[in-house]
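Notes for the one structure printed next.
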Amino acid sequence: MAAPMSWRRLLHSVSSPAIAGVFTRISDRLFRARDRRRGSSVLLLAPLLAETEPAPRRVCRPTGSAGAQGTDGLSAHFRWMADQVPAFRVPGSNVKILTSPDQFYQAMKARIKTAQRRVVMASLYLGTGQLEQELVDCMEEALQHSKENRHSDLKISILLDYTRGSRGQINSRTMLLPLLQRFTSQMRVSLYHTPDLRGLLRLLVPQRFNETIGVQHIKVYLFDDSVIISGANLSDSYFTNRQDRYVLLENCREVADFFSNLVEAVGDVSLQLQPDDSVTVLEGMVHPYKGNRQDFSAVARKRIMEVVNTARMRQQLQQHRPEESEDEGEDGGEEDTWVFPLIQMKPLGIRVDEQVTQRLLTDAEPDSTVFLTSGYFNLTRAYVRLVLGAGASYRILTASPEVNGFFGAKGVAGAIPAAYVHIARQFYNQVRQLGQEERVHLHEYHRPQWTFHAKGLWYYLQGQDRPCLTLIGSPNFGYRSVHRDLEAQIAIVTESEELQSQLQEEQETLYRRSTEVSGSTFERPDRYVKLWVKLVTPLIKNFF
């Protein structure tokens, strides 16, 4: 028994905050020295193996009654968001919650065909199946129509991740090359490459695993002045039987402009796909993995934050022009809804989404309820502390093993659902040890022949039977989302009863297909976790 005990001590020491802090400080010094010497990048793995997060700061609660009604009441309760990010006021009637993969797919196809000025799409990757080809065909049709119509000047810009989009001989790049070759002046394809995958590390880590170091994970689909924010990728399963979340903001020009500018900024710091399938860097831009890492991150951060700061500055100027800021929406609807864009790009030094999410969890008051969902339940330590230390009630929904996206995968990836079971059991045990079973509930999503990828939250204020706030977008509330990938979501705060009802129906529909986890859940044979999975989970949990 001596050997197993020594392994437990070793694993505990690696994951302990004290050792992890020393480990990270040493690796950071070596990392900076390596950048100066242009040496090996294998040391990048060191900080990725240990999760070191400062305790979230306690902040003052916002003014205003928790149960306040009227737009002024809600805006007072959440006005602190506008101090950190742009705040777009839109009619709630222009916001539609899509509920199914097919609805999401059909909405994109229809809007691509009718787009006049711009189609902007950001995703992890574009799949290579028939449904994806039909999407590409819609783009070709729209571009051809624009070319024949002198009054149309359609431009299409697509942002994908370099590693995921380049995997295999047939990939996202080969799907888009015909369009790029035929409509060179109207088409842009940008491939973001994380600055953390470089040097020897880039040479040693094989395809399929290299994307674990960090990816472009934003999911934005924009057509003229309408935009879909989602967690879904451009792949056949996301169009058929992979449950996600999707919100369509129709005729919301300022929101669409913001996300168009955001995708353009990330595209500017990415590699540019050329008609011959080569990639280049824009003139004056630092190469993401050949150039100095700190220089790349500084330039990229400046370019991306220009988008955020410009939008905020424009809104501040409008505050001094009431006749402009009080205009009604384009369709004349009541502007009873606020949209706050949140971005998280920790490799570039941008932490907006993390800070806002922590504040939301911190300020969640007793007798309020938070429904939180993630397809991959792997909350950061900071988020776990806030959930377990808060006063609000939490209903957390995650994938059961059989609807996990890695269920049935070959090789090591096939053990990932079991690793999530292990993480969920550890969280559930923490809840029980702290006597929080009445306040914090864990649910598992079930649906035959489907997988589950939905993420976000719904916030119900005290005494309210419908949510007034939701977070929706690409983050999973896990280590990857906070520390390694490029993420974007929106916070929607609404007084629209119609939109609140849509959000309530969305939340209830997802949870209706779930069962609540209990102690007996983890005793079932299908929840058995092998010893080696338990041993390696603390070391690899930051990679998935």
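When L234 is tested against (1) within 25 Å of R351 (Cα to Cα); (2) modelled with pLDDT of 95 or more; (3) of a type outside the set (D, E), exactly one condition is not met: (1).
For segment 287-307, filtering for residues that are open to solvent by 30 Å² or more (accessible area, probe 1.4 Å) and closer than 27 Å to L342 by Cα leaves 11.
Take T310 and tell me if it is assigned to a helix (DSSP H, G or I), open to solvent by 40 Å² or more (accessible area, probe 1.4 Å) and either within 23 Å of L176 (Cα to Cα) or polar (S, T, N, Q) (or both). Against the criterion (assigned to a helix (DSSP H, G or I), open to solvent by 40 Å² or more (accessible area, probe 1.4 Å) and either within 23 Å of L176 (Cα to Cα) or polar (S, T, N, Q) (or both)), T310 qualifies. Being assigned to a loop (DSSP other than H, G, I, E, B), closer than 15 Å to E140 by Cα and polar (S, T, N, Q) is a condition met by no residue of segment 187-197.
Can you pull out the residues in segment 203-227 that are farther than 23 Å from G478 by Cα and modelled with pLDDT of 95 or more? Passing the criteria: Y221, L222, F223, D224, D225, S226, V227. For segment 79-110, filtering for residues that are under 30 Å from M313 (Cβ atoms) and not in a strand (DSSP E or B) leaves 13. When residues in segment 485-535 are screened for being among the β-branched types (V, I, T) and open to solvent by 50 Å² or more (accessible area, probe 1.4 Å), 2 of them pass.
As a summary of the residue check, Y428 satisfies the conditions (1) farther than 14 Å from R395 by Cα; (2) in a helix (DSSP H, G or I) except for the one numbered (1). Output the strands (runs of 3 or more DSSP E) that fall wholly within segment 220-282 and possess 1 or more residues being hydroxyl-bearing (S, T, Y) and touching a helix residue (DSSP H, G or I) at 6+ places or on another chain (Cβ under 9 Å), or say none. Ranges flagged: 220-223, 226-230, 246-249. If you check Y479, Y460 for being farther than 19 Å from Q243 by Cα and touching a Pro at 6+ places or on another chain (Cβ under 6 Å), only one passes: Y460.
Just to be sure, is E323 charged (D, E, K, R), over 21 Å from S474 (Cβ atoms), in a helix (DSSP H, G or I) and at pLDDT below 95? Against the criterion (charged (D, E, K, R), over 21 Å from S474 (Cβ atoms), in a helix (DSSP H, G or I) and at pLDDT below 95), E323 qualifies.
Scanning segment 501-531 for residues that are assigned to a helix (DSSP H, G or I) and free of Cβ contacts under 8 Å to residues at least 60 places away in the same chain, we see that the one that is nearest to P401 (Cα to Cα) is P525. The residue that is farthest from S230 (Cα to Cα), among those in segment 432-458 that are touching a helix residue (DSSP H, G or I) at 6+ places or on another chain (Cβ under 7 Å) and not in a loop (DSSP other than H, G, I, E, B), is V440. Return the pairs, sorted by first residue and then second, in which the second residue is surrounded by fewer than 17 Cβ atoms within 10 Å (Cβ to Cβ) and not hydrophobic (A, V, I, L, M, F, W, C), the first residue lies in segment 263-284 and is on the phi > 0 side of the Ramachandran plot, the beta carbons are less than 8 Å apart, and the residues are 6+ apart or on different chains. Listed by first residue and then by second, the contacts come to D277/T174.
None of R480, R466, R447, R439 is basic (K, R), open to solvent by 40 Å² or more (accessible area, probe 1.4 Å) and touching a residue at least 40 places away in the same chain (Cβ under 8 Å) except R447. Just to be sure before I move on: is L248 touching a residue at least 24 places away in the same chain (Cβ under 8 Å), within 18 Å of the chain's Cα centre (by Cα) and under 22 Å from S481 (Cα atoms) in the structure I sent? No, not satisfied.
The number of residues in segment 404-414 that are part of a helix (DSSP H, G or I) and either modelled with pLDDT of 90 or more or open to solvent by 20 Å² or more (accessible area, probe 1.4 Å) (or both) comes to 3. You will find that of Q169, Q144, Q133, the residue that is more than 20 Å from Y105 (Cβ to Cβ) and part of a helix (DSSP H, G or I) is Q144 and no other.
Tallying residues that are touching a Phe, Trp or Tyr at 6+ places or on another chain (Cβ under 9 Å) and surrounded by fewer than 20 Cβ atoms within 10 Å (Cβ to Cβ) within segment 203-234 yields 2. Taking residues in segment 113-139 that are over 20 Å from S260 (Cβ atoms), and partners anywhere that are modelled with pLDDT of 95 or more and hydroxyl-bearing (S, T, Y), the pairs with Cβ atoms closer than 6 Å and at least 6 places apart or on different chains are Y125/S172; G127/S235. Which of the residues spanning segment 147-166 are open to solvent by 50 Å² or more (accessible area, probe 1.4 Å), over 19 Å from R111 (Cβ atoms) and of a type in the set (D, E)? Result: E148, single match. Filtered by the rule that a residue be closer than 15 Å to Y420 by Cβ, assigned to a strand (DSSP E or B) and not hydrophobic (A, V, I, L, M, F, W, C), segment 369-392 gives T373, S374. Could you say whether any residue in segment 338-356 is open to solvent by 50 Å² or more (accessible area, probe 1.4 Å), modelled with pLDDT under 95 and farther than 22 Å from G463 by Cα? Within segment 338-356, none of the residues are open to solvent by 50 Å² or more (accessible area, probe 1.4 Å), modelled with pLDDT under 95 and farther than 22 Å from G463 by Cα.
The values are calculated or read from the model by the stated rules, or taken from the named source; none is laboratory data. This is a predicted model, so every value here is computed, not measured. Every residue, glycine as well, gets a Cβ built from its backbone with ideal geometry; the counts of neighbours run over all protein chains shown. For accessibility, only protein heavy atoms count, side chains too; no ligands or nucleic acids. Shrake-Rupley method; radii C 1.70, N 1.55, O 1.52, S 1.80 Å.
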